[in-house]
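Heads up, the thing below is written out as C-alpha coordinates.
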Amino acid sequence: MAVCPTKTSYQGSKQHSSPGSEGRRRICFLLNNLTESNLEDHVLLVAELLPHQSIRWLSTLLLNRLKSESNLVQLYVDFVTNMCIHHRNFGRSIFNQLTQDIDSLLLQLSTDPSNENARKLKNMGAFLGRLTIARDIRLCIDLKILVFNAYRNNKNSLDYFLPFICEILKSVALSNTANSEVPWVKEILQVLKELYEITDRLPIQFEVELLFTSLKADLASTSPAFYLRHIQ
(Lines give C-alpha, C1' and ligand atoms only; values in the text may rest on other atoms or scores of the structure.)
Protein backbone atom coordinates (compact mmCIF):
# COMPACT_ATOMS: atom_id res chain seq x y z
CA MET A 1 0.00 0.00 0.00
CA ALA A 2 1.67 3.23 -1.13
CA VAL A 3 0.93 5.98 1.36
CA CYS A 4 2.70 9.02 -0.01
CA PRO A 5 4.50 10.41 -3.05
CA THR A 6 7.90 10.28 -1.36
CA LYS A 7 7.93 6.56 -0.70
CA THR A 8 11.17 4.96 -1.83
CA SER A 9 12.82 1.59 -1.40
CA TYR A 10 16.13 1.53 0.41
CA GLN A 11 18.61 -0.93 -1.01
CA GLY A 12 21.26 -2.81 0.91
CA SER A 13 22.42 -1.85 4.41
CA LYS A 14 23.37 1.73 3.59
CA GLN A 15 20.78 3.31 5.88
CA HIS A 16 19.93 0.39 8.12
CA SER A 17 22.72 0.31 10.72
CA SER A 18 22.09 1.53 14.24
CA PRO A 19 24.28 4.03 16.09
CA GLY A 20 26.75 2.74 18.67
CA SER A 21 25.48 1.69 22.09
CA GLU A 22 26.14 5.12 23.62
CA GLY A 23 24.37 6.85 20.73
CA ARG A 24 21.37 4.52 21.07
CA ARG A 25 21.20 5.12 24.81
CA ARG A 26 21.28 8.90 24.46
CA ILE A 27 18.75 9.00 21.61
CA CYS A 28 16.34 6.76 23.54
CA PHE A 29 16.75 9.02 26.58
CA LEU A 30 15.92 12.08 24.48
CA LEU A 31 12.83 10.41 23.01
CA ASN A 32 11.68 9.23 26.43
CA ASN A 33 11.78 12.81 27.68
CA LEU A 34 10.43 14.52 24.56
CA THR A 35 7.80 17.24 25.07
CA GLU A 36 6.45 20.09 22.97
CA SER A 37 8.45 22.57 25.07
CA ASN A 38 11.82 20.88 24.49
CA LEU A 39 11.09 19.55 21.00
CA GLU A 40 13.45 21.76 19.01
CA ASP A 41 16.35 21.27 21.44
CA HIS A 42 15.90 17.50 21.56
CA VAL A 43 15.57 17.24 17.79
CA LEU A 44 18.85 19.11 17.39
CA LEU A 45 20.59 16.78 19.86
CA VAL A 46 19.18 13.66 18.16
CA ALA A 47 20.23 14.99 14.75
CA GLU A 48 23.78 15.53 16.03
CA LEU A 49 23.92 12.01 17.48
CA LEU A 50 22.39 10.27 14.46
CA PRO A 51 24.76 9.08 11.71
CA HIS A 52 23.25 9.35 8.24
CA GLN A 53 23.36 5.57 7.86
CA SER A 54 21.13 5.19 10.94
CA ILE A 55 18.13 7.12 9.61
CA ARG A 56 16.17 3.91 9.03
CA TRP A 57 16.96 2.73 12.55
CA LEU A 58 15.44 5.90 14.02
CA SER A 59 12.38 5.60 11.76
CA THR A 60 11.75 2.07 13.03
CA LEU A 61 12.28 3.10 16.64
CA LEU A 62 9.89 6.03 16.37
CA LEU A 63 7.13 4.04 14.69
CA ASN A 64 7.41 1.19 17.19
CA ARG A 65 6.83 3.72 19.96
CA LEU A 66 3.95 5.32 18.09
CA LYS A 67 2.05 2.06 17.81
CA SER A 68 1.42 1.99 21.56
CA GLU A 69 1.39 5.72 22.35
CA SER A 70 -1.70 7.25 20.77
CA ASN A 71 -1.46 10.34 22.98
CA LEU A 72 1.89 11.24 21.41
CA VAL A 73 0.89 11.14 17.73
CA GLN A 74 1.08 14.91 17.20
CA LEU A 75 4.35 15.17 19.13
CA TYR A 76 5.91 12.53 16.88
CA VAL A 77 4.58 14.29 13.78
CA ASP A 78 6.27 17.49 14.98
CA PHE A 79 9.44 15.52 15.68
CA VAL A 80 9.50 14.13 12.13
CA THR A 81 8.85 17.57 10.64
CA ASN A 82 11.74 19.08 12.58
CA MET A 83 14.10 16.15 11.95
CA CYS A 84 13.61 16.59 8.20
CA ILE A 85 15.31 19.99 8.52
CA HIS A 86 18.50 18.26 9.66
CA HIS A 87 18.25 14.95 7.76
CA ARG A 88 16.42 15.54 4.49
CA ASN A 89 15.95 11.79 3.82
CA PHE A 90 14.29 11.21 7.17
CA GLY A 91 10.81 11.92 5.80
CA ARG A 92 11.29 9.39 3.00
CA SER A 93 12.51 6.83 5.49
CA ILE A 94 9.51 7.40 7.77
CA PHE A 95 7.03 6.98 4.91
CA ASN A 96 8.83 3.92 3.62
CA GLN A 97 8.80 2.29 7.05
CA LEU A 98 5.22 3.41 7.70
CA THR A 99 4.08 1.69 4.51
CA GLN A 100 5.78 -1.53 5.55
CA ASP A 101 4.38 -1.40 9.07
CA ILE A 102 0.82 -0.76 7.85
CA ASP A 103 1.06 -3.64 5.37
CA SER A 104 2.47 -5.90 8.09
CA LEU A 105 -0.32 -5.00 10.53
CA LEU A 106 -2.99 -5.57 7.89
CA LEU A 107 -1.51 -9.00 7.15
CA GLN A 108 -1.47 -9.89 10.85
CA LEU A 109 -5.03 -8.65 11.33
CA SER A 110 -6.27 -10.73 8.41
CA THR A 111 -5.39 -13.89 10.36
CA ASP A 112 -5.49 -12.62 13.95
CA PRO A 113 -7.81 -9.61 14.38
CA SER A 114 -6.63 -8.77 17.89
CA ASN A 115 -7.64 -5.54 19.60
CA GLU A 116 -3.98 -4.70 20.21
CA ASN A 117 -3.08 -4.81 16.52
CA ALA A 118 -6.25 -2.90 15.64
CA ARG A 119 -5.20 -0.13 18.06
CA LYS A 120 -1.74 -0.05 16.50
CA LEU A 121 -3.26 0.30 13.04
CA LYS A 122 -5.52 3.08 14.28
CA ASN A 123 -2.49 4.98 15.62
CA MET A 124 -0.77 4.53 12.27
CA GLY A 125 -3.81 6.03 10.56
CA ALA A 126 -3.78 9.09 12.81
CA PHE A 127 -0.04 9.52 12.22
CA LEU A 128 -0.39 9.12 8.45
CA GLY A 129 -3.24 11.61 8.25
CA ARG A 130 -1.37 14.24 10.22
CA LEU A 131 1.78 13.76 8.16
CA THR A 132 -0.12 14.20 4.90
CA ILE A 133 -3.66 15.61 4.87
CA ALA A 134 -3.09 17.93 7.83
CA ARG A 135 -0.04 19.36 6.05
CA ASP A 136 -1.85 19.60 2.70
CA ILE A 137 0.19 16.77 1.18
CA ARG A 138 -1.64 14.46 -1.22
CA LEU A 139 -2.47 11.05 0.20
CA CYS A 140 -1.78 8.29 -2.31
CA ILE A 141 -4.42 5.90 -1.04
CA ASP A 142 -7.88 5.60 -2.53
CA LEU A 143 -9.85 5.27 0.69
CA LYS A 144 -13.05 4.41 -1.19
CA ILE A 145 -11.32 1.37 -2.68
CA LEU A 146 -10.17 0.28 0.79
CA VAL A 147 -13.75 0.40 2.05
CA PHE A 148 -15.05 -1.34 -1.09
CA ASN A 149 -12.52 -4.18 -0.92
CA ALA A 150 -13.03 -4.71 2.80
CA TYR A 151 -16.82 -4.80 2.39
CA ARG A 152 -16.65 -7.12 -0.62
CA ASN A 153 -13.94 -9.53 0.53
CA ASN A 154 -14.40 -9.76 4.28
CA LYS A 155 -16.94 -7.60 6.07
CA ASN A 156 -15.38 -8.51 9.40
CA SER A 157 -12.22 -6.69 8.31
CA LEU A 158 -14.16 -3.43 8.53
CA ASP A 159 -13.75 -3.72 12.31
CA TYR A 160 -10.12 -2.64 11.90
CA PHE A 161 -10.13 -1.06 8.43
CA LEU A 162 -12.79 1.52 9.21
CA PRO A 163 -11.18 2.97 12.38
CA PHE A 164 -7.89 3.20 10.42
CA ILE A 165 -9.61 5.08 7.58
CA CYS A 166 -11.53 7.35 9.95
CA GLU A 167 -8.35 8.27 11.83
CA ILE A 168 -6.73 9.28 8.55
CA LEU A 169 -9.74 11.40 7.61
CA LYS A 170 -9.95 13.18 10.96
CA SER A 171 -6.86 15.11 9.85
CA VAL A 172 -9.04 16.91 7.30
CA ALA A 173 -10.08 19.11 10.24
CA LEU A 174 -6.44 20.23 10.59
CA SER A 175 -5.90 21.03 6.91
CA ASN A 176 -5.78 24.51 5.41
CA THR A 177 -7.19 23.35 2.07
CA ALA A 178 -9.31 20.24 2.70
CA ASN A 179 -12.76 20.18 4.27
CA SER A 180 -15.92 18.09 4.09
CA GLU A 181 -17.03 19.87 0.88
CA VAL A 182 -13.83 19.22 -1.08
CA PRO A 183 -14.78 16.66 -3.78
CA TRP A 184 -12.49 13.80 -2.72
CA VAL A 185 -13.48 14.21 0.94
CA LYS A 186 -17.17 14.51 0.10
CA GLU A 187 -17.02 11.32 -1.98
CA ILE A 188 -15.55 9.20 0.80
CA LEU A 189 -17.98 10.70 3.34
CA GLN A 190 -20.86 9.69 1.07
CA VAL A 191 -19.47 6.15 0.89
CA LEU A 192 -19.22 6.07 4.69
CA LYS A 193 -22.80 7.36 4.96
CA GLU A 194 -23.86 4.49 2.70
CA LEU A 195 -21.97 2.02 4.89
CA TYR A 196 -23.61 3.56 7.95
CA GLU A 197 -27.05 2.89 6.45
CA ILE A 198 -26.49 -0.65 5.23
CA THR A 199 -24.57 -2.12 8.16
CA ASP A 200 -26.13 -3.28 11.41
CA ARG A 201 -22.82 -3.22 13.27
CA LEU A 202 -22.94 -0.58 15.97
CA PRO A 203 -19.13 -0.13 16.34
CA ILE A 204 -18.89 0.73 12.63
CA GLN A 205 -21.78 3.16 12.85
CA PHE A 206 -20.18 4.75 15.91
CA GLU A 207 -16.86 5.29 14.08
CA VAL A 208 -18.69 7.02 11.24
CA GLU A 209 -20.58 9.23 13.68
CA LEU A 210 -17.33 10.21 15.43
CA LEU A 211 -15.72 11.11 12.11
CA PHE A 212 -18.60 13.31 10.98
CA THR A 213 -18.60 15.06 14.35
CA SER A 214 -14.84 15.60 14.15
CA LEU A 215 -15.20 17.20 10.71
CA LYS A 216 -18.29 19.20 11.73
CA ALA A 217 -20.16 17.49 8.88
CA ASP A 218 -23.87 16.72 9.09
CA LEU A 219 -24.39 12.98 8.87
CA ALA A 220 -28.17 13.27 8.51
CA SER A 221 -28.04 15.59 5.49
CA THR A 222 -25.16 13.82 3.71
CA SER A 223 -26.38 11.92 0.65
CA PRO A 224 -25.28 8.27 0.67
CA ALA A 225 -23.32 6.88 -2.26
CA PHE A 226 -24.49 3.89 -4.28
CA TYR A 227 -21.14 2.15 -4.11
CA LEU A 228 -21.46 -0.79 -1.72
CA ARG A 229 -25.09 -1.86 -1.59
CA HIS A 230 -24.97 -3.86 -4.83
CA ILE A 231 -22.26 -6.13 -3.38
CA GLN A 232 -23.65 -9.51 -2.32
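The values are calculated or read from the model by the stated rules, or taken from the named source; none is laboratory data. No experiment lies behind these values; they were computed from the predicted model shown. We place every Cβ from the backbone using ideal geometry, glycine too, and count neighbours over all the protein chains shown.
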### Query
Taking the condition of a type in the set (A, V, I, L, M), over 17 Å from the mean Cα position of the chain (by Cα) and not in a helix (DSSP H, G or I), does Ala150 pass?
no
### Message
Among (1) in the same structural domain as Val73 (by TED's automatic domain parsing); (2) modelled with pLDDT under 95, there is one condition Leu146 misses while meeting the rest; what is its number?
### Response
(1)
### Task
Would you check if Ser70 is within 24 Å of Asn149 (Cβ to Cβ) and surrounded by fewer than 16 Cβ atoms within 10 Å (Cβ to Cβ)?
no
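Test of understanding: among Phe127, Phe164, which residue is in a helix (DSSP H, G or I), in the same structural domain as Val77 (by TED's automatic domain parsing), aromatic (Phe, Trp, Tyr) and closer than 22 Å to Gln74 by Cβ? Please lay out each step first, then the result.
Numbers: Phe164 fails: in the same structural domain as Val77 (by TED's automatic domain parsing).
Going through Phe127, Phe164 in turn, just one is in a helix (DSSP H, G or I), in the same structural domain as Val77 (by TED's automatic domain parsing), aromatic (Phe, Trp, Tyr) and closer than 22 Å to Gln74 by Cβ: Phe127.
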### Task
Determine whether Ile85 is surrounded by 20 or more Cβ atoms within 10 Å (Cβ to Cβ), of a type outside the set (Asp, Glu) and part of a helix (DSSP H, G or I).
no
### Message
Looking at segment 33-48, I want the residues that are surrounded by 15 or more Cβ atoms within 10 Å (Cβ to Cβ) and have a partner that is part of a loop (DSSP other than H, G, I, E, B) with Cβ atoms under 8 Å, at least 6 apart or on another chain. Which pairs are those?
### Response
His42/Asn33; His42/Leu34; Ala47/His87
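Considering only segment 199-232, how many residues are acidic (Asp, Glu) and in a loop (DSSP other than H, G, I, E, B)?
Here the count works out to 2.
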### Val208 vs. criteria within 26 Å of Asn117 (Cα to Cα) and hydrophobic (A, V, I, L, M, F, W, C)
yes
